[in-house]
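Asker: Got a structure for you, written out below as structure tokens; questions coming shortly.
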Amino acid sequence: MAWTYILRCNDGSFYTGSTDGDLEARVWEHNHDDQFAANFTRRRRPVVLVHAEHFDTVDAAFFREKQIQGWSRRKKLALIEDRSEDLPDLSKPSQGDASTSSATQAGEHAPREGRFDKLSDPVPRGATSCPCPRRRRRARR
């Protein structure tokens, strides 16, 4: 039995995950087990299960997890609230609305501006560090 699930955290954010085991046990781990809980949910306890989908294979559940993680907060809310008729309209791109992480914050964040705004921007030839300010790497000599 494989599951894709969405948890609502105590700060109002959502966490999307998948499991190949017992769903109730996995939610318990997010709330109580520091070793197996995701870092995101560990800092936002308690979490509550708000949506779950059953799949025949782990691969299908993982694919659905990644699909939902790419959705906007509004689209996730429509799914949670069983408003499937709203999903196609919410699929249309709107600036700054999409989330690509496994967790969607309750607040909206403006995209970071700078030289390397887009994933399609090429990395300059001979660059010795990642353009991301938090992940600078030195070139090996």
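Asker: With every protein chain present, what accessible area does residue 91 have (1.4 Å probe, heavy atoms only), rounded to the nearest 10 Å²?
Answerer: Spelled out: residue 91, probe radius 1.4 Å, area about 70 Å².
Asker: Give the ranking of 16, 57 by solvent-accessible surface, highest area first, calculated with a 1.4 Å probe.
Answerer: Order by accessible area, largest first: 57, 16.
Asker: Any idea how far apart residue 52 and residue 89 come out in nm if each label point goes 7 Å out from Cα toward Cβ?
Answerer: 3.1
Asker: Also, quick follow-up: Could you state how much accessible area residue 86 has, in square angstrom rounded to the nearest 10, with a 1.4 Å probe and all protein chains kept in place?
Answerer: Roughly 50 Å² of residue 86 is accessible to a 1.4 Å probe.
Asker: While we're looking at this one, here's another question. Give me, ordered by chain and number, the residues 5 or more places off residue 13 or on other chains with an amide H under 5 Å from its own placed amide H.
Answerer: Those lying under 5 Å, H to H, from residue 13 are 106.
Asker: Check residue 2: other-chain or 5+ apart residues with amide H under 5 Å from its amide H, H built from backbone geometry?
Answerer: 55
Asker: Ordering 55, 63, 36, 14 from largest to smallest accessible area (1.4 angstrom probe), what's the sequence?
Answerer: Details: 55 45, 63 140, 36 110, 14 0 Å².
Sorted descending by solvent-accessible area, the residues read 63, 36, 55, 14.
Asker: Between residue 24 and residue 36, how many nm apart are label points set 7 Å from Cα along the C-beta direction?
Answerer: Taking the two extended label points, one gets 1.5 nm.
Asker: Continuing with the same structure: Order 18, 84 by their accessible area, 1.4 angstrom probe, all chains in place, largest first.
Answerer: On the way: 18 35, 84 80 Å².
So, going from the largest accessible area down, we get 84, 18.
The values are calculated or read from the model by the stated rules, or taken from the named source; none is laboratory data. Worth saying up front: this structure is predicted, and the values here are computed from it rather than measured. Neighbour counts are summed over all protein chains in view; Cβ atoms, including those assigned to glycine, are modelled from backbone coordinates with ideal geometry. Remember, those area values only see protein heavy atoms, side chains included, never the ligands or the DNA or RNA. Shrake-Rupley method; radii C 1.70, N 1.55, O 1.52, S 1.80 Å.
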